[in-house]
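Accompanying notes for the structure given below.
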Amino acid sequence: MELLDRVLEYYNVKNTLVVKQLFLKYMNLVLEKNKLFNLTAIEDEEEFVIKHIADSLSLLKFLEEESSIQNPVAIDIGSGFGAPGLFVKIAMPSINVWLNDSNKKKCNFMIEAKESLGISGVNIVCERAEVLGRKEDFREKFDFVFARAVDKLNVLCEYALPLLKIGGAFLAQKGYVCEDEIDLASNAIELLGGRLTRVEKFVLPFSDEKRSVIVIKKLRQTPSNFPRNTKQIVKKPL
Ligand SMILES: C[S@@+](CC[C@H](N)C(=O)[O-])C[C@H]1O[C@@H](n2cnc3c(N)ncnc32)[C@H](O)[C@@H]1O
């Protein structure tokens, strides 16, 4: 598929023959399973390449620029069928990725996809992110947290920041206009030990799809009373 070749070249992805085969296999798995239950609204292959693959790969430059760690560990919260985490992992094998979702069917699909693609360095954890944030094995264990299309930034910060190591970065993928969400999240960012360090706006390649990536760095330990339980987070966002 020529569009996919161009996208891989645009993002400077190495080992393109292998990566392309894995992306095509993964896309077919998603589109096939999508006939049985809803994983994505996108059914057209070229649209899939832009809105799922290129959109996920837009994180690569942030991974390079925000950390010098050789084998970073990332968690993708609310990953759904595996976006952006599994696409990033395929294009950047040196990263270890945890794919997290609270929905059992989606987690089962991600397990199936991981096995079918035969990739190591990927784990799937089926739990609410705010529950993981209170577990010793997950709290402050990640160099990066990703989230795309999961919740508003103030709510997302309470999911993401407890999971980050000090010095780690939360990469939140948002639409082009995100200023109001950022304003609303400033209290949460401060309370949870973070600092907004970067907001980058761009257009996805070979399209007119506009996006933002918001970078929130963890500077201090998250106070032990966060994350709160789901009811409190939803009813009274920070
Ligand atoms: C709209 S989907 C987005 C999926 C994927 N990130 C993407 O961009 O295609 C949102 C996903 O977040 C999951 N989710 C929502 N709240 C969550 C939470 N607190 N912890 C873990 N997963 C959550 C849902 O189950 C759903 O699969």
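Does segment 148-157 include one or more residues that are surrounded by 18 or more Cβ atoms within 10 Å (Cβ to Cβ), in a loop (DSSP other than H, G, I, E, B) and under 19 Å from the mean Cα position of the chain (by Cα)? Step through it out loud before you land on a result.
The first filter runs over segment 148-157 and keeps only residues surrounded by 18 or more Cβ atoms within 10 Å (Cβ to Cβ), leaving 148, 150-151, 153-157.
Those left that are additionally in a loop (DSSP other than H, G, I, E, B): 150-151.
The next check asks that each one be under 19 Å from the mean Cα position of the chain (by Cα); those that pass are 150-151.
Yes, the conditions are met somewhere in segment 148-157.
Looking at V18, V13, which one is assigned to a loop (DSSP other than H, G, I, E, B), aliphatic (A, V, I, L, M), at pLDDT 95 or above and more than 14 Å from the ligand (Cβ to nearest atom)? It would help to see each step written out before you state the result.
Details: V18 fails: assigned to a loop (DSSP other than H, G, I, E, B).
Unique residue meeting the criteria: V13.
Across segment 100-142, what is the total count of residues that are among the basic types (K, R), more than 10 Å from the ligand (Cβ to nearest atom) and either touching a helix residue (DSSP H, G or I) at 6+ places or on another chain (Cβ under 7 Å) or assigned to a loop (DSSP other than H, G, I, E, B) (or both)?
Initially, segment 100-142 is screened for residues among the basic types (K, R), giving 104-106, 114, 128, 134-135, 139, 141.
Then keep just the ones that are more than 10 Å from the ligand (Cβ to nearest atom); that gives 114, 134-135, 139, 141.
Retained after the next criterion (residues that are either touching a helix residue (DSSP H, G or I) at 6+ places or on another chain (Cβ under 7 Å) or assigned to a loop (DSSP other than H, G, I, E, B) (or both)): 134-135, 139, 141.
So the count comes out to 4.
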Members of segment 37-76 found to be hydroxyl-bearing (S, T, Y) and part of a helix (DSSP H, G or I), listed by number: S56
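Just to confirm my filter: which strands (runs of 3 or more DSSP E) fall fully inside segment 161-238 and include at least 1 residues that are of a type in the set (G, A, S) and in contact with a helix residue (DSSP H, G or I) (Cβ under 6 Å, 6 or more places away or on another chain)?
On the way: elements: 164-175, 194-203, 210-218.
Output list reads 164-175, 194-203.
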Members of segment 77-94 that are in a loop (DSSP other than H, G, I, E, B) and more than 13 Å from the ligand (Cβ to nearest atom): M92, P93, S94
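A quick yes/no check of all residues on (1) more than 30 Å from E140 (Cα to Cα); (2) surrounded by 14 or more Cβ atoms within 10 Å (Cβ to Cβ):
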residue	(1), (2)
L4	yes, yes
K25	yes, yes
K33	yes, yes
L36	yes, no
K61	no, yes
P72	no, yes
F87	no, yes
Verdict on V97 being modelled with pLDDT of 95 or more, within 16 Å of the ligand (Cβ to nearest atom), within 13 Å of the chain's Cα centre (by Cα) and surrounded by 15 or more Cβ atoms within 10 Å (Cβ to Cβ): yes
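The values are calculated or read from the model by the stated rules, or taken from the named source; none is laboratory data. If you're wondering where the values come from, they're calculated on a predicted model, not measured in any experiment. Backbone-built Cβ (ideal geometry, glycine too); neighbour counts: all protein chains shown.
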